1. Report, to the nearest 10°, how far helix 31-50 tilts away from the longest principal axis of the Cα atoms in the chain, using its own Cα long axis and a range of 0 to 90°.
2. Looking at the square roots a ≥ b ≥ c of the eigenvalues of the Cα gyration tensor of the chain, which shape do they give, rounded for a/c under 1.5, prolate if a/b is larger than b/c, or oblate?
3. With an 8 Å Cα cut-off and a minimum separation of 6 or more residues, compute the relative contact order for the chain in percent.
4. Could you work out [θ]222 nm for the chain from helices alone, using -39500 (n - 2.57) per DSSP H run of at least four and dividing by all its residues? Round to the nearest 500 deg cm²/dmol.
5. So if each residue of separation counts as 0.36 nm, and I subtract the Cα-Cα distance between Phe26 and Ile7, what length gain in nm does that give?
6. Under a Cβ-Cβ cut-off of 13 Å, what is the net charge of the residues other than Phe36 that fall near it, where Lys and Arg count +1 and Asp and Glu count -1?
7. Could you state how much accessible area Leu59 has, in square angstrom rounded to the nearest 10, with a 1.4 Å probe and all protein chains kept in place?
8. Leaving ligands, DNA and RNA out of it, work out the accessible area of Phe42 with a 1.4 Å probe and give it in Å² to the nearest 10.
Amino acid sequence: MSSKNIIIMIVALIVEVVITYFIASFFSVRFIEVMFFTGIAFAGGTFYFSSSGGAMTRLFASQASGRTGIIQKREQFTYKIGPIFTASVIFFLIGLVFFLLLISGIIPPQN
């Protein structure tokens, strides 16, 4: 892994931590209680925006093919695993561990 990708991952993790901190302070809960759910949102959002686009992309490609007669190769699902998605999955997994520890009672509830 190149140093550029590592820097991008670190910056993405910092941004995710800052956003999660502000969400946790807004709802007056602990950081680790919100971390799992924001991790799901970050990972899902980066997956959606870095994949082939979904139904809307296929609709626009079909409309363009109908107008021009040129058939586009948009039928296959493509996805590029990048450093931002990797950072989001790492953040999600750390949040999952904390969430399981909270559910099992190993980390006590907040007073």
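1. That works out to roughly 10 degrees.
2. prolate
3. Numbers: 90 pairs, mean separation 44.6, N = 111.
Once divided by the residue count of the chain, the mean separation gives 40 percent.
4. Numbers: 4 runs with 81 residues, N = 111.
After summing the helix terms and dividing by residue count, I get -25000 deg cm²/dmol.
5. Values: separation 19, 0.36 × 19 = 6.84 nm, distance 2.87 nm.
Extra length available between Phe26 and Ile7 comes to 4.0 nm.
6. With Lys, Arg at +1 and Asp, Glu at -1, the neighbours total -1.
7. Surface accessible to solvent at Leu59 totals approximately 80 Å².
8. 40
The values are calculated or read from the model by the stated rules, or taken from the named source; none is laboratory data. As the structure is a computational prediction, the values presented were derived from the model and not from experiment. We place every Cβ from the backbone using ideal geometry, glycine too, and count neighbours over all the protein chains shown. For accessibility, only protein heavy atoms count, side chains too; no ligands or nucleic acids. Shrake-Rupley method; radii C 1.70, N 1.55, O 1.52, S 1.80 Å.
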